[in-house]
Amino acid sequence: MDPFLVLLHSVSASLSSGELTELKFLCHGRVGKRKLERVQSGLDLFSVLLEQNDLHPERTELLRELLASLRRHDLLRRLDDFEAGAAGGAAPGEEDLRIAFDIICDNVGKDWRRLARQLKVSDTKIDGIEERYPRNLTERVRESLRIWKNTEKEDATVARLVGVLRACRMNLVADLVEEGQQTPGLQNQSGAVSPMPWDSDTSASEVP
């Protein structure tokens, strides 16, 4: 069974009717009006996008943008898992990196650019991330981490990530990442820590 189709089926089953309406609206200009009128489910919409070659196992950018617009971080993690599997299966440390990414995304806010530059993400790519996610800080952070991971490949480790965080003086986040490796599930509580100085008045997931 095609893993990408399995992913799309899973995403579709998780969408509410309101979220489907939002996705259809976001696809105006990409999908014809008549086709959109016939869309009754996420699978219908994904089928159209597959036919138009807007969706492909090796081109998941559109799916990521759509899910980010819905702020469905749970579904974005499924997409991350799919992409990790497509790159050769779950490598040693893959789950540790996923946990670290979740903690960082939950706790890095307005200073995401500082982190991205320390991750060696180019200014051009940083500008592109900001344009793609104009009101979503969480996805800016996650995309920066994904670029770093894809660039570093097997050298992308939690230890190196902690080093980058400390170089950015994000020591509290680095501590949370290290603790998260020892205590699975800590990332679910990470949002309850004291507000960080780089994100004291803005949610980590949205820009005013």
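General observations
- Residues being among the small types (G, A, S) and at pLDDT 90 or above - total across the stretch 160-188: 3
- Of the helices (runs of 4 or more DSSP H) lying entirely inside the stretch 14-106, those containing at least 1 residues that are touching a residue at least 60 places away in the same chain (Cβ under 8 Å) and open to solvent by 20 Å² or more (accessible area, probe 1.4 Å) are 61-69, 73-86.
- Filter pass, D127 being in a helix (DSSP H, G or I), without any contact (Cβ under 8 Å) to a residue 12 or more places away in the chain, over 30 Å from E179 (Cβ atoms) and open to solvent by 80 Å² or more (accessible area, probe 1.4 Å): yes
- Here is the figure for the stretch 107-116: residues that are at pLDDT below 90, open to solvent by less than 10 Å² (accessible area, probe 1.4 Å) and out of contact with any Ser or Thr (no Cβ under 6 Å at 6 or more places or on another chain) total 1.
- Looking only at the stretch 137-156, and only at residues there that are among the hydrophobic types (A, V, I, L, M, F, W, C) and part of a helix (DSSP H, G or I), the one that is modelled with the lowest pLDDT: L137
- Of all the listed residues (L45, L23, L119, L79), the sole one being under 25 Å from V177 (Cα atoms) and at pLDDT 90 or above is L119.
The values are calculated or read from the model by the stated rules, or taken from the named source; none is laboratory data. What you see is a predicted model, and the numbers here were worked out from it, not measured in a lab. Reconstructed Cβ throughout: ideal geometry from the backbone, glycine too, with neighbour counts over all protein chains shown. Calculation scope for accessible area: heavy atoms of the full protein, side chains included, ligands and nucleic acids excluded. Shrake-Rupley method; radii C 1.70, N 1.55, O 1.52, S 1.80 Å.
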